[in-house]
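Beneath this line is the structure, given in structure tokens, with notes to follow.
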Amino acid sequence: LCVPAVPVLFKQALENTAAEEGKSVSLRCELTKADATVVWKKGEATLQASAKYEMKQKGTVAELVIHNAEPEDA
């Protein structure tokens, strides 16, 4: 029996979030499948974990923390 893979969908999509310049801001989304691979992008550029960008994932919740937020992070 071959069962097709169920696509991963957003249960809760990203929301616009305001942040103070120089502070940290957290962006979260919730998926329909736990531990699905999440890729964070800004435009066409894929973000990589660094001192600036922290990626977290627990179960169905994926989070991106942007440290020292700047206007260019919009």
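When restricted to residues that are of a type in the set (S, T, N, Q) and within 9 Å of the chain's Cα centre (by Cα), the stretch 12-41 contains 1. Residues in the stretch 17-33 that are of a type outside the set (S, T, N, Q) and touching a strand residue (DSSP E or B) at 6+ places or on another chain (Cβ under 9 Å): Ala18, Ala19, Val25, Leu27, Arg28, Cys29, Glu30, Leu31. Strands (runs of 3 or more DSSP E) fully within the chain that include at least 3 residues being β-branched (Val, Ile, Thr) and open to solvent by less than 70 Å² (accessible area, probe 1.4 Å): 61-66. Restricting Thr32, Thr17 to those that are of a type outside the set (Phe, Trp, Tyr) and modelled with pLDDT of 90 or more reduces the list to Thr32.
The values are calculated or read from the model by the stated rules, or taken from the named source; none is laboratory data. This is a predicted model, so every value here is computed, not measured. With ideal geometry, Cβ positions are generated from the backbone for all residues, glycine too; neighbour counts draw on all protein chains shown. The accessibility values were calculated without ligands, DNA or RNA, using every heavy atom of the protein model including side chains. Shrake-Rupley method; radii C 1.70, N 1.55, O 1.52, S 1.80 Å.
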